[in-house]
Amino acid sequence: MKTSTKELNEKVALDAIIKKAIHPTIISIARKHSFGAQWLRRMLRKVQLKHEDRIVIHVFYLEDPVMIMSLLGEGKSMITYFIKDKEIKSRLTGSVSKTTFDQLLSTIIS
């Protein structure tokens with residue numbers, strides 16, 4: 001598994017990751033010190049332990065929720081994309097239950 005954590009400055013970088021996603025991939029974008037980012041770290045640690053050789057994870061942190069909205073057109077300060085075969089299969093905005101996260105994860109792991 002490859003995990004990268006970096007800043008996201010433009011939507012083109014996000015689109016490039018999606019176009020190159022030949023393995024199941026999770027892309028998450030959150031405000032660095034938000035509750036959602038803490039929830040996300042816990043969920044992604046679990047994914048790393050369970051699916052370490054089958055999934056690629058990219059995590060981007062932005063300090064300004066307005067930047068997330070301008071880049072993605074989303075009204076939330078955290079978003080997670082589940083990608084398989086160069087296509088977004090599902091997404092979530094905000095933190096959700098572990099069961100819901102696992103259901104969405106299963107759409108790309110199967």
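The values are calculated or read from the model by the stated rules, or taken from the named source; none is laboratory data. Just so you know, these numbers come straight off a predicted model, no measurement behind them. Please note: Cβ atoms are built from the backbone with ideal geometry, for glycine as well, and neighbour counts cover all protein chains shown. Accessible surface areas use protein heavy atoms only, side chains included; no ligands, DNA or RNA. Shrake-Rupley method; radii C 1.70, N 1.55, O 1.52, S 1.80 Å.
Beta carbons closer than 7 Å, at least 6 apart along the sequence or on distinct chains, pair a first residue in the stretch 49-64 that is free of Cβ contacts under 8 Å to residues at least 40 places away in the same chain with a second that is part of a loop (DSSP other than H, G, I, E, B) for E63/K32.
Number of residues in the stretch 96-108 that are surrounded by 11 or more Cβ atoms within 10 Å (Cβ to Cβ) and modelled with pLDDT under 90 equals 2.
Listed by position, the helices (runs of 4 or more DSSP H) contained in the stretch 11-72 that have at least 3 residues being closer than 18 Å to T100 by Cβ and open to solvent by 50 Å² or more (accessible area, probe 1.4 Å) are 35-51. Checking T3, T93 one by one, the residue that is modelled with pLDDT of 75 or more, open to solvent by 40 Å² or more (accessible area, probe 1.4 Å) and β-branched (V, I, T) is T93 and no other.
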